[in-house]
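Read through the structure below, which is laid out as structure tokens, and then see the notes.
The values are calculated or read from the model by the stated rules, or taken from the named source; none is laboratory data. What you see is a predicted model, and the numbers here were worked out from it, not measured in a lab. Counting neighbours? That spans all protein chains shown, and the Cβs are built from the backbone with ideal geometry, glycine included. Heads up: the accessible areas ignore ligands, DNA and RNA and are worked out on the full protein's heavy atoms, side chains in. Shrake-Rupley method; radii C 1.70, N 1.55, O 1.52, S 1.80 Å.
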Amino acid sequence: MSQRRDAFVNFSTARVYVSQDEDDDALVDRCLGGETAAFEAIVQRYQRVLFTVALRTLGNHDEASDATQDAFVKAFQHLATFDRSRRFFSWIYRILVNECLNARRDRRVYDALPPGLEAGGGSPADLLETAERRRRVQAAILALPVEYRTVIVLRHFTELSYEEIAEVLALPAKTVKSRLHTARQRLGQMLGVLDTRQ
């Protein structure tokens, strides 16, 4: 397995930020004007965050990579349909979600993530404990219903605000907060963090 792939399988602790640059419209205009190389800037800007969302949604590196690539291909093919009154990230995120749902529907069996160890400091026991914790958290996230999994991924792995999540999912912010609360409770129960007697 390559070192680059290992970094994704181990779910790096580095946060993924969604760029708020206002030049997405300019890049779209350049693409629509025939400068297809401008789409490369869009891919570079959003590839990491979309891959992270796909990986946290699907739990499989290859499926996440395919879903991300398919989302970019579809976005490029349908660039003329992008509604300028919305954020570009919201639009491409919806395309990615559909690709992830298609991948889940087409999946025949669940493939567990390999429990790789991160290179770095700490004793082997600490590294093993960290890898096991990550595996348990990923398994718990994957066990959530998709509407709860989605808000967890968007809030905690892409650090979107409640309002941004509401825009991306086309939901009221109150619904996002409610789903996030429920998702956190379910995760806590699955991971043995919360007292389930309440």
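Looking at the stretch 66-73, is at least one residue open to solvent by 80 Å² or more (accessible area, probe 1.4 Å) and within 29 Å of A139 (Cα to Cα)?
The answer is yes, given that some residue of the stretch 66-73 is open to solvent by 80 Å² or more (accessible area, probe 1.4 Å) and within 29 Å of A139 (Cα to Cα).
Quick one: count up the residues across the stretch 172-183 that are farther than 14 Å from A139 by Cα and either open to solvent by less than 90 Å² (accessible area, probe 1.4 Å) or modelled with pLDDT under 90 (or both).
Residues flagged as farther than 14 Å from A139 by Cα and either open to solvent by less than 90 Å² (accessible area, probe 1.4 Å) or modelled with pLDDT under 90 (or both) within the stretch 172-183 amount to 8.
Which pairs have Cβ atoms under 7 Å, sit 6 or more apart or on different chains, and link a residue in the stretch 155-169 that is under 14 Å from Y93 (Cβ atoms) to one that is among the small types (G, A, S) and not in a helix (DSSP H, G or I)?
none
Given the residues A125, A112, A119, which is the only one that is farther than 22 Å from F88 by Cα, under 18 Å from the mean Cα position of the chain (by Cα), open to solvent by 50 Å² or more (accessible area, probe 1.4 Å) and modelled with pLDDT under 80?
A112
With (1) surrounded by 19 or more Cβ atoms within 10 Å (Cβ to Cβ); (2) modelled with pLDDT of 90 or more as the list, and I141 as the residue in question, which single condition is left unmet?
Result: I141 passes all but (2).
Working carefully through the options R45, R84, find the one that is over 12 Å from the mean Cα position of the chain (by Cα), without any contact (Cβ under 8 Å) to a residue 60 or more places away in the chain and not in a helix (DSSP H, G or I).
Unique residue meeting the criteria: R84.
Could you grab me the full set of residues in the stretch 74-85 that are open to solvent by less than 10 Å² (accessible area, probe 1.4 Å) and farther than 19 Å from L101 by Cβ?
L79
Specify the residue that is surrounded by the most Cβ atoms within 10 Å (Cβ to Cβ); the eligible residues are those in the stretch 86-109 that are farther than 22 Å from I165 by Cβ and charged (D, E, K, R).
R107
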